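Below: the structure, in structure tokens.
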Amino acid sequence: MRKAKLTALLLTFFLLFSVCSYAAVSQYDNFDNSKTEQGSVGARYVPASQRRIKTRIQNSIDKYDYDLFGRENFEYFPLQLGEGSYKVTIFENVISNRYRQVRAQNIKVTIKNLLDVFKASVQTVNWNSDMEVIKKAGELTQNLKTDKEKVVAIYNYVIDTYGYDYDKIKSIDTTYVPNIETIYQAKKGICYDYSAVFAAMLRSQNIPTKLIKGYSDLVNGYHAWNEVYLADEDRWIVIDTTYDSVLKKGNKKFSMEKDRSKYKASREY
């Protein structure tokens, strides 16, 4: 009898603990839609245990999946699929590669200026004005007038200053997201790092810049580069700072603007 009471007491405690844990997870909003007009949406989720969390941003045409690291803090993701109806879902890992849906919302998105999507601070291009690398962008462009001049100045800085990290590429994790301040201090990185730093520096100067992932005829394997919008010329140009940095250090010829036909994008941020 005493054993049965003890079992019942333990079960009650377990249920109460589970409810309290779930309540701790659910006591705040999991989505922030305050920036959707500027082209991004926020998500956060605190699991009851240390499990991998993912979020999916999708519309009727395509979907983008991201790891969600922020826990209590919102992380922001681009609405690069344009205006219209989106579903934003948060998934929690159950076992192996299986996930369960834990939160979801449907939103109708109207973006004031579609170029704003590629000026925002988001998970893949995460920046703010207090960062040293962003202050550097301001120093490089302070006396320049046109977007083209600013792009060239930051481009030259990146390809001159940063080196390719051949050791890092051997051990990179699939969940990796660049930290531009860490890269700024190290002065080296992989193509994803180059592209994130370049995009962040240009975005801080109000220049729309995409971080692109895909394949190039010029590079073996999966690659990352940028597309930059030149307002003065009303066009997007392809720039590959990683490729040019390697060529420059090898004393080989190159040009900043790349032939678009040699690049095949699969994802853009």
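Can you name the condition, by its number, that His223 falls short on among (1) exposed (fewer than 15 other Cβ atoms within 10 Å of the Cβ); (2) part of a strand (DSSP E or B)?
Only one criterion is unmet by His223, namely (1).
Just name the residue that is nearest to Tyr157 (Cα to Cα) out of those in segment 228-246 that are of a type in the set (Asp, Glu) and either in a loop (DSSP other than H, G, I, E, B) or without any contact (Cβ under 8 Å) to a residue 60 or more places away in the chain (or both).
Only one residue tops the list, namely Asp240.
Mind listing just one residue for me: the one in segment 63-89 that is hydrophobic (A, V, I, L, M, F, W, C) and without any contact (Cβ under 8 Å) to a residue 60 or more places away in the chain and, of those, surrounded by the most Cβ atoms within 10 Å (Cβ to Cβ)?
From segment 63-89, those hydrophobic (A, V, I, L, M, F, W, C) are 68-69, 74, 77, 79, 81, 88; that's our starting set.
With without any contact (Cβ under 8 Å) to a residue 60 or more places away in the chain added as a condition, the list becomes 68, 74, 77, 79, 81, 88.
On the way: Leu68: 23, Phe74: 17, Phe77: 23, Leu79: 28, Leu81: 18, Val88: 21.
If we take residues in segment 63-89 being hydrophobic (A, V, I, L, M, F, W, C) and without any contact (Cβ under 8 Å) to a residue 60 or more places away in the chain, then Leu79 is surrounded by the most Cβ atoms within 10 Å (Cβ to Cβ).
Each row is one residue, and each column tells you yes or no for (1) surrounded by 13 or more Cβ atoms within 10 Å (Cβ to Cβ); (2) of a type outside the set (Lys, Arg); (3) touching a residue at least 40 places away in the same chain (Cβ under 8 Å); (4) not assigned by TED's automatic domain parsing to the domain that holds Gly70.
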site	(1), (2), (3), (4)
Arg100	no, no, no, no
Asn106	no, yes, no, no
Val117	yes, yes, yes, yes
Asp147	yes, yes, yes, yes
Ala153	yes, yes, no, yes
Tyr162	yes, yes, yes, yes
Asp165	yes, yes, no, yes
Ile190	yes, yes, yes, yes
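Which of the residues belonging to segment 171-216 are among the acidic types (Asp, Glu) and either assigned to a loop (DSSP other than H, G, I, E, B) or within 16 Å of Lys148 (Cα to Cα) (or both)?
Applying the first criterion (among the acidic types (Asp, Glu)) to segment 171-216 yields 173, 181, 193.
Within segment 171-216, just Asp173 meets the criteria.
How many residues does segment 192-227 hold that are touching a residue at least 40 places away in the same chain (Cβ under 8 Å) and either out of contact with any Lys or Arg (no Cβ under 8 Å at 6 or more places or on another chain) or farther than 16 Å from Tyr164 by Cβ (or both)?
Adding up the residues that qualify gives 24.
Between Lys170, Lys112, which is more than 16 Å from the chain's Cα centre (by Cα) and free of Cβ contacts under 8 Å to residues at least 12 places away in the same chain? Please lay out each step first, then the result.
On the way: Lys112 fails: free of Cβ contacts under 8 Å to residues at least 12 places away in the same chain.
On inspection, the qualifying residue turns out to be Lys170.
From the set of residues in segment 33-51 that are modelled with pLDDT of 95 or more and in a loop (DSSP other than H, G, I, E, B), which is surrounded by the fewest Cβ atoms within 10 Å (Cβ to Cβ)? Step through it out loud before you land on a result.
Taking segment 33-51 first, the residues modelled with pLDDT of 95 or more are 33-45.
After this cut, where a residue has to be in a loop (DSSP other than H, G, I, E, B) as well, the list is 33-35, 39, 44-45.
Working: Asn33: 16, Ser34: 11, Lys35: 17, Gly39: 25, Arg44: 21, Tyr45: 23.
Selected residue: Ser34.
Would you check if Lys210 is in contact with a Phe, Trp or Tyr (Cβ under 9 Å, 6 or more places away or on another chain) and loosely packed, with under 12 Cβ neighbours inside 10 Å?
On the way: in contact with a Phe, Trp or Tyr (Cβ under 9 Å, 6 or more places away or on another chain): yes; loosely packed, with under 12 Cβ neighbours inside 10 Å: no.
The answer is no for Lys210.
Need the failing condition index for Asn106 against (1) in contact with a Lys or Arg (Cβ under 7 Å, 6 or more places away or on another chain); (2) under 19 Å from Lys213 (Cα atoms), just the number.
Going through (1) in contact with a Lys or Arg (Cβ under 7 Å, 6 or more places away or on another chain); (2) under 19 Å from Lys213 (Cα atoms) one by one, Asn106 breaks only (2).
Whether any residue in segment 94-109 is modelled with pLDDT of 95 or more and touching a helix residue (DSSP H, G or I) at 6+ places or on another chain (Cβ under 6 Å) is what I want to check.
yes
Does Val152 satisfy being within 15 Å of the chain's Cα centre (by Cα), under 27 Å from Leu114 (Cβ atoms) and β-branched (Val, Ile, Thr)?
no
Looking at segment 153-197 only, could you name the residues that are of a type in the set (Phe, Trp, Tyr) and either at pLDDT below 95 or within 25 Å of Met256 (Cβ to Cβ) (or both)?
Tyr155, Tyr157, Tyr162, Tyr164, Tyr166, Tyr184, Tyr192, Tyr194
Among the strands (runs of 3 or more DSSP E) lying completely within segment 70-138, list those that include at least 1 residues that are touching a Pro at 6+ places or on another chain (Cβ under 9 Å) and not basic (Lys, Arg).
84-95, 98-109
The values are calculated or read from the model by the stated rules, or taken from the named source; none is laboratory data. These numbers were taken from a predicted model, which means no experiment stands behind them. As a convention, Cβ positions derive from the backbone with ideal geometry for all residues, glycine included, and neighbour counts pool all protein chains shown.
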